[in-house]
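The values are calculated or read from the model by the stated rules, or taken from the named source; none is laboratory data. These figures come from a predicted structure and were not determined experimentally. Heads up, the Cβs are rebuilt from the backbone with ideal geometry, glycines too, and the neighbour counts pull from every protein chain shown. The accessibility values were calculated without ligands, DNA or RNA, using every heavy atom of the protein model including side chains. Shrake-Rupley method; radii C 1.70, N 1.55, O 1.52, S 1.80 Å.
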Amino acid sequence: MEKLKIAGGNSLKGSVKVAGAKNSAVALIPATILAESTVTIEGLPNISDVHILKELLEEIGGDVTLHENDIHVDPSKMISMPLPNGKVKKLRASYYLMGAMLGRFKKAVIGLPGGCHLGPRPIDQHIKGFEALGASVTNEQGAIYLRADELRGARIYLDVVSVGATINIMLAAVLAKGKTVIENAAKEPEIIDVATLLTSMGAKIKGAGTDVIRIEGVERLSGCRHSIIPDRIEAGTYMVIGAAVANELIVDNVIPLHMESLIAKLREMGVHVETSDDQIYILGNQPYLKPVDVKTLVYPGFPTDLQQPITTLLTKAKGTSVVTDTIYSARFKHVDELRRMGADIKVEGRSSIITGTTKLQGAKVKASDLRAGASLVCAGLLANGVTEITGLEHINRGYSHLEEKLSNLGAKIWRETLTDKEIEQLQNS
Ligand code: EPU
């Protein structure tokens, strides 16, 4: 087990290259199950979720090679092996194995997914979609059993706008007989990315990126090459870090259109932001930032995944800011840790109320989930003294080459192995 150490307080400068999108990768990899020949996905991030999904595809008989950032999946010998436990519990996105395996084999047994604890995260809309397509879905001792004689297209209205349900229903519907319409679909860029891959495989999908997606089922799908979109949440995390501690930061390999809600908020705070085709330039580290209110919404609104990092930045703003998360009710575990570092933050209901300016101080803190980890890294870079962050298994799930990227910008950041005593203390905490 390791901890991350950051000696904060110094300014960063330079350029950082954003990796492929985690939340696309975790859907694109299961989507390869649906093809009859080799699918190559280029530009994947080097994160633990990708490695776990590779192993899961191998468990069901896939011939998979992961070379640097590209994965080649030959799904031709895959079988509908039950995946009730173990690795599926390590990540939320293992639920995409349900849609993909149901689509290809008309049956699947998948353990209930794990992932970050952000309050209740039901999958009722995924199940509603599978059932509408003709599957029977049962929960037996913590695993979801899906069975169908055949899948038939259907009209499905999502009661909650859900990224996961939208993608999962697309995965199950592309090989179903007839036409599927998903209404009140989520519009996130990752959904368009998955639809692009499926279309290259031969699927017929219209409307991805709008709230009505129409799918005409096809008989078979074949191999192809696909290049993943950049990770807008990793990009946003570096933009926030740039605003906090960088004199000049170029965030490279981004789609600026995906970042509009964050760009608008940073500008409202007084941060200078410029965009070009695939780069964003931040002139940060200003002595004075204005407080702002932030409300997370589905895309193209402000992403919940950047709520925690921007909370750290707002400790630098002079005055009171309110950050409200309308997507997850309990995504506030970072707040106690930021308080340990001297932040003045209260949580009321679904909002955190941040009063600044505070000069953060280095402390021993624990990442409770992935984006809480990102908010603590940003805090460590802002703070005086040394910050020690544990709970790195969360950060490893979403940020590739984090220390290398930040060190290249001039940050003092490194990993150390935890002593036996520290491991014991953590386990008791
Ligand atoms: N919801 C339901 N029923 C469902 C599905 C969702 O009530 O069947 C609710 C959820 O409880 C939540 C809201 O709908 O309140 C939105 O959930 P959504 O299904 O959109 O989230 P997700 O697919 O589980 C993905 C990302 C999350 C990101 C959300 C929102 C992946 C693997 N995860 O989760 O990413 O926060 O969309 O944009 O794509 C992260 O990257 O740190 C992360 C948590």
Unmet criterion (only one of (1) in contact with a helix residue (DSSP H, G or I) (Cβ under 8 Å, 6 or more places away or on another chain); (2) open to solvent by 10 Å² or more (accessible area, probe 1.4 Å)) for Ile60: (2)
Looking only at segment 352-407, and only at residues there that are within 16 Å of the ligand (Cβ to nearest atom) and open to solvent by 20 Å² or more (accessible area, probe 1.4 Å), the one that is nearest to Ser429 (Cα to Cα): Ser368
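Based on what the data block shows, is Met98 of a type in the set (A, V, I, L, M, F, W, C) and part of a loop (DSSP other than H, G, I, E, B)?
Considered against the rule, which asks whether it is of a type in the set (A, V, I, L, M, F, W, C) and part of a loop (DSSP other than H, G, I, E, B), Met98 comes out as no.
Residues checked against (1) in the same structural domain as Asp193 (by TED's automatic domain parsing); (2) open to solvent by less than 10 Å² (accessible area, probe 1.4 Å); (3) part of a helix (DSSP H, G or I); (4) within 13 Å of the ligand (Cβ to nearest atom):
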| site | (1), (2), (3), (4) |
| --- | --- |
| Ile6 | no, yes, no, no |
| Leu28 | yes, yes, yes, yes |
| Glu55 | yes, no, yes, no |
| Val73 | yes, yes, no, no |
| Ile79 | yes, no, no, no |
Residues satisfying the stated conditions in segment 165-178, i.e. open to solvent by 10 Å² or more (accessible area, probe 1.4 Å) and under 15 Å from Thr199 (Cα atoms): Leu175
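Let's see how each residue does on (1) without any contact (Cβ under 8 Å) to a residue 40 or more places away in the chain; (2) under 22 Å from the mean Cα position of the chain (by Cα):
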| residue | (1), (2) |
| --- | --- |
| Val26 | no, yes |
| Ile33 | no, yes |
| Glu58 | yes, no |
| Met78 | no, no |
| Met81 | yes, no |
| Pro84 | no, no |
Residues within segment 138-173 that are away from the ligand (no atom under 16 Å from the Cβ) and of a type in the set (Phe, Trp, Tyr), tallied: 1
Looking only at segment 81-91, and only at residues there that are open to solvent by 30 Å² or more (accessible area, probe 1.4 Å) and under 21 Å from Ala372 (Cα atoms), the one that is nearest to the ligand (Cβ to nearest atom): Lys90
Residue ID - farthest from Ile167 (Cα to Cα), chosen from residues in segment 96-113 that are at pLDDT below 95 and open to solvent by 20 Å² or more (accessible area, probe 1.4 Å): Leu112
Filter pass, Ser24 being modelled with pLDDT of 95 or more and over 22 Å from Arg220 (Cα atoms): yes
Test: Asp193 is within 16 Å of the ligand (Cβ to nearest atom), open to solvent by 50 Å² or more (accessible area, probe 1.4 Å), among the acidic types (Asp, Glu) and under 27 Å from Gly20 (Cβ atoms): no
Strands (runs of 3 or more DSSP E) completely within segment 114-209 that count 2 or more residues being under 19 Å from the mean Cα position of the chain (by Cα) and on the phi < 0 side of the Ramachandran plot: none
Any hit, segment 211-220, residues being assigned to a strand (DSSP E or B), basic (Lys, Arg) and within 24 Å of the chain's Cα centre (by Cα): no
Qualifying residue in segment 240-262 (condition: in a loop (DSSP other than H, G, I, E, B) and without any contact (Cβ under 8 Å) to a residue 40 or more places away in the chain): no
Restricting segment 294-332 to residues that are free of Cβ contacts under 8 Å to residues at least 40 places away in the same chain, over 21 Å from Ala186 (Cα atoms) and open to solvent by 10 Å² or more (accessible area, probe 1.4 Å), the residue that is nearest to the chain's Cα centre (by Cα): Phe332
Residue ID - surrounded by the fewest Cβ atoms within 10 Å (Cβ to Cβ), chosen from residues in segment 8-26 that are more than 16 Å from the ligand (Cβ to nearest atom) and closer than 25 Å to Val365 by Cα: Asn10
